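Below: the structure, in structure tokens.
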Amino acid sequence: MVATWRCDRIKPAALFACDVWRTVLANHTYSITEIAGSSEVSHADAIEKAVARASQTLRHLAWLEVKEQRAEIENGKIRHYQVVLKIGFRMED
């Protein structure tokens with residue numbers, strides 16, 4: 001029987017402590033790239049948009065780390081949210 005595993009069902013803080021996560025990382029080689037995403041809605045939306053865009057170019061996306069997050073303020077209100085992400089993707093054999 002093959003177990004299915006999804007990153008979005010594990011809380012981010014628990015990913016590296018998770019035995020399944022360690023097994024997945026241990027069996028592959030990853031390349032890491034850094035990208036920035038932005039949104040007028042939220043930091044979470046900026047992350048979603050960045051991952052969606054990266055998935056159009058990169059295959060086998062596996063994990064991400066939020067390196068930085070910031071926002072642009074205009075007239076006392078947040079105008080844009082931005083995140084800088086490190087994204088790991090599994091290299092093909």
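If each of LEU61 and ALA36 carries a label point 7 Å out from its Cα toward its Cβ, how far apart are those two points in nm?
Each label point lies 7 Å from its Cα, and together they span 1.9 nm.
Rg to Rh for the stretch 31-93: what is it, with Cα atoms only and Rh by Kirkwood?
Rounded to two decimals, Rg over Rh is 1.07.
Only Cα pairs under 8 Å and at least 6 apart count here; give the relative contact order of the stretch 31-93 as a rounded whole percent.
Relative contact order of the stretch 31-93: 46 percent.
Based only on other Cβ atoms within 10 Å, what is the fewest-to-most ordering of TYR30, TYR81?
TYR30, TYR81
Given labels modelled 7 Å from the Cα in the Cβ direction, how far is it in nm from HIS28 to ASP93?
Inter-label distance under the simple model: 1.3 nm.
Quick note: the coordinates plus some simple rules give every number you see, no bench work behind them. These figures come from a predicted structure and were not determined experimentally. Every residue, glycine among them, receives a Cβ derived from its backbone with ideal geometry; neighbour counts consider all protein chains shown.
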